[in-house]
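Derivation of every value follows stated rules applied to the coordinates shown; laboratory data play no part. Everything numeric here is computed off the predicted structure, so don't read it as measured data. Glycine gets a Cβ as well: all are built from the backbone with ideal geometry, and neighbour counts include every protein chain shown.
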């Protein structure tokens, strides 16, 4: 390391590794992981989100989880929360649907209305 | 890029480690492995998070959920409930007296009045990872300084910030730097003083353990400013983890090209070394510390010459405390004005304190200068444990003094504390409840100083011993009129005549307790009574015959067989042989035995008779 620019490069990479502790997150994906969610495959859904996001190197997306959301018939349920926009809730998610949501919604900013079960808070 | 979704930060500060943090981490590894979650969860060891009393503690991101007193048995529940189902475990969270639960670290009242500068990363990053330090802005100050500023400009920034030495003296940091900077000697040294020895203090240890790179960066900036190429970390051998972490930091920095030759492509080269001390309190005094690094016996030398003129190997040397260095990178990054906006007229920035004693939230805190003692003890510290009242607070360790309830609204800054007979010291805060005997407290600190006196100068070696003898006499019921005045006379003389800071400040605990608790000394001397029933010779045990059921348990358990009686007559204590061990009180099933302040009349009579006999013999 010889210059401030070198340091900056290392910093950016390290910040990426530490983003869970509060960095620049543009979009937060919250997977409902209650008992019914897990029974309906929420773990697979979450794993797919993690993989897709990692594969695409989306550094500003955070995947996290929450408990039962009360929409048992629509499980697995996923919220996509974007800074300054109403929350979008997707239901009956599958790994296939996750891939589409990642490409369409998270990358291109187009909500996949077919899977949406609720919007707003 | 990683697939991680949870950062699990386990506090690996010394407090939490001794409370079992390692076992918890191991258990997490097992459980996560078993459930196939290892790839999703990062386990990170951090430095001290602060609330040591709640240890082992952990914070779980992204939410920042805070768990206290975690045991290996709790691990499975945390994984199942929190990690798998997203339901944080409420019973492991901190709750206040009104049953309010604090989910995240930010909400906890302990953290709310704190402002973290030196401790900014402590408990937040992995101290063994240079990358995590860099992620928080680490080494940017060093890079900026080396590539854009002259040494004098660095000193000017520190001057403007108003930073003063955090080790105790409160000497303006820039003055030391300027003196050595202006010296034309080709060889200069920089020393980081990590010889923290006050009973109840652990600020420097925590910072070295929790964020070693910050201290190293601070040292390098300082070395550049004064023109030194070599730096020493003097850390006591009792701090093995701090030594390990700072050595690791030096290695990592070298590997990354952040230490060694031509750092950031500049002309500045720097080598840092760790020297371990054998744990003598006097080696925290800078001249003794320098002797110790040179391989001599750790004895102080007269000042002047000050280290800034003639220090290590007779070359100009700056000695700065660990916490002082911890502030430097942030001051250069955020600016002198930002730092100076915190604190009071004469004391700028923040101060780290180690809260200990009869206080709810024992631990490590960092607060802005000028905060009142009341805020520090009751808001941050959570007040006194149990139903007791606040009695006194000892600031600055054995060199400091005791303050009382009347001082609770005193702002914590160098001058305000000094005016009242205490001192900022390095930041040890020992809070005492109304069960403590101040004569006993003074004796404890005097005992410590007598033990730690190096013996080089006679005021300290002989004078302190005399003070201790008088205190022991008072404490054991042989105090006499004039003792208080003699203590004061000795104390003031020792303060004036001692060679180094140890002797100059050692009488402080005695002088300040006499100043604020003179009535306790008088009661010990005149009435032969310790109101708080702490000094064994000035209290006694008594059995309440109305309550006693004659079970004989006390008599059977008494190690000196001084309790006699029968079921019918009940039991009595023969006061003369009693050794005040308190076993009888502990075993009594009906709580018929109580501690009574004051020497028992039988003992008093015996002592008077002995004295008379002695006088007769002399005649």
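Given the stretch B:176-326, what percent of its DSSP beta bridges are antiparallel, to the nearest 5? Don't skip to the answer; put the middle values down first.
Working: 1 of 19 bridges.
Approximately 5 percent, going by the DSSP bridge assignments.
Residue B:338 versus residue B:547, label points 7 Å from Cα toward the beta carbon: distance in nm?
Here the modelled spin labels are 6.0 nm apart.
Computed FRET efficiency, Cβ-Cβ of residue B:77 and residue B:99, R0 25 Å: what is it to the nearest 0.05?
0.75
Suppose the chain between residue B:106 and residue B:497 were pulled fully straight at 0.36 nm per residue; how much longer would it get relative to their current alpha carbon spacing? Write down the numbers at each step before the final one.
Details: separation 391, 0.36 × 391 = 140.76 nm, distance 4.94 nm.
Computed gain between residue B:106 and residue B:497 is 135.8 nm.
To check you understand DSSP bridge types, tell me what percent of the beta bridges within chain B (both residues inside) are antiparallel, rounded to 5.
Numbers: 39 of 67 bridges.
Counting only bridges with both partners in chain B, antiparallel ones make up about 60 percent.
Please order B:111, B:521, B:139 by the number of other Cβ within 10 Å, starting at the fewest.
The most exposed by this proxy come first: B:111, B:521, B:139.
At 0.36 nm per residue, and after removing the present C-alpha to C-alpha distance, how many nm does the segment from residue B:596 to residue B:581 gain when stretched out fully?
Extra length from residue B:596 to residue B:581 when fully extended: 4.0 nm.
Cα axis of helix B:464-475 to longest principal axis of chain B: angle in degrees, 0 to 90, nearest 10?
Helix B:464-475 and the main axis of chain B meet at about 40 degrees.
Could you please rank B:18, B:184, B:512, B:426, placing first whichever residue has the fewest other Cβ atoms within 10 Å of its Cβ?
B:184, B:18, B:512, B:426
Rounded if a/c is under 1.5, else prolate if a/b is larger than b/c, else oblate: which is the stretch B:233-300, with a ≥ b ≥ c the root eigenvalues of its Cα gyration tensor?
The shape class here is oblate.
Using just the helices of chain B, give the 222 nm mean residue ellipticity in deg cm²/dmol: DSSP H runs with n ≥ 4 each add -39,500 (n - 2.57), and the total is spread over all residues, rounded to 500.
Calculated at 222 nm, the ellipticity per residue is -10500 deg cm²/dmol.
Nearest 0.05, what FRET efficiency do residue B:447 and residue A:59 give at R0 = 45 Å with Cβ-Cβ as r?
On the way: r = 59 Å, r/R0 = 1.30.
Calculated transfer efficiency: 0.15.
Using Cα atoms only, what is the angle between the long axis of helix B:483-497 and the major principal axis of chain B, expressed in degrees (0 to 90) to the nearest 10?
For B:483-497 against chain B, the angle is about 20 degrees.
Percentage of Cα-Cα pair distances in the stretch B:339-498 greater than 21 Å, rounded to whole percent?
For the stretch B:339-498, the share of Cα pairs beyond 21 Å comes to 51 percent.
Expected output is a single nm value to one decimal: the length gained when fully extending between residue B:35 and residue B:175, i.e. 0.36 nm times separation in residues minus the C-alpha distance. What is it?
Working it through step by step, the gained length comes to 44.5 nm.
Work out the FRET efficiency for residue A:112 and residue B:271 from their Cβ-Cβ distance, taking R0 = 60 Å, and round it to the nearest 0.05.
Once the sixth-power term is evaluated, E becomes 0.55.
Put a dot 7 Å past each Cα toward the Cβ at residue A:72 and residue B:159; how far apart are the dots in nm?
Result for the modelled spin labels: 7.4 nm.
In whole percent, what relative contact order does the stretch B:165-253 give with Cα contacts below 8 Å and a gap of six or more residues?
Worked out over the stretch B:165-253, it gives 37 percent.
What whole number of Å gives the distance from the Cα centroid of the stretch B:10-54 to the Cα centroid of the stretch B:237-293?
Between the Cα centres of the stretch B:237-293 and the stretch B:10-54 lies a distance of 28 Å.
Can you give me the relative contact order of chain A as a percent, contacts being Cα pairs under 8 Å and 6 or more apart?
So the answer I get is 26 percent.
So for the pair residue B:187, residue A:92, with labels modelled 7 Å out along Cα→Cβ, what separation do we get in nm?
8.2
Would you mind calculating the relative contact order of chain B from Cα pairs under 8 angstrom and at least 6 residues apart, reporting the percent as a whole number?
Once divided by the residue count of chain B, the mean separation gives 11 percent.
What do the square roots of 5 times the Cα gyration tensor eigenvalues come to for the stretch B:222-364, in whole Å, largest first, as semi-axes of the equivalent ellipsoid?
Numbers: eigenvalues 123, 109, 70 Å².
Square roots of five times the eigenvalues give 25, 23, 19 Å.
For a quick size check, give me the Cα extents of the stretch B:194-238 along its three principal axes, largest first, whole Å.
Principal extents (Cα only, largest first): 35, 16, 14 Å.
Of the DSSP beta bridges with both residues in the protein assembly as shown, give the percent that are antiparallel, rounding to the nearest 5.
Restricted to the protein assembly as shown, the bridges split so that about 60 percent are antiparallel.
Taking the Cα atoms only, what angle lies between the long axis of helix B:212-226 and the longest principal axis of chain B, rounded to 10 degrees?
For helix B:212-226, the angle is close to 70 degrees.
Please work out whether the stretch B:117-169 counts as rounded, prolate or oblate from its C-alpha gyration tensor, where a ≥ b ≥ c are the square roots of the eigenvalues and a/c under 1.5 means rounded, while otherwise a/b larger than b/c means prolate and anything else oblate?
Taking the square roots of the gyration eigenvalues as a ≥ b ≥ c, the stretch B:117-169 is oblate.
What list of whole percents do you get for P(r) of chain B, with Cα-Cα distances grouped in 20 Å bins up to the one holding the largest distance?
Whole-percent P(r) values from 0 Å outward: 18, 45, 29, 8, 0.
Starting from the alpha-carbon convex hull of the stretch B:430-499, give the projected area averaged over all orientations, in nm².
Working: hull surface 21.3 nm².
Over all viewing directions, the stretch B:430-499 projects a mean Cα-hull area of 5.3 nm².
For the protein assembly as shown, what class follows from the C-alpha gyration tensor (a ≥ b ≥ c being the square roots of its eigenvalues): rounded when a/c is under 1.5, otherwise prolate if a/b is larger than b/c, else oblate?
Taking the square roots of the gyration eigenvalues as a ≥ b ≥ c, the protein assembly as shown is oblate.
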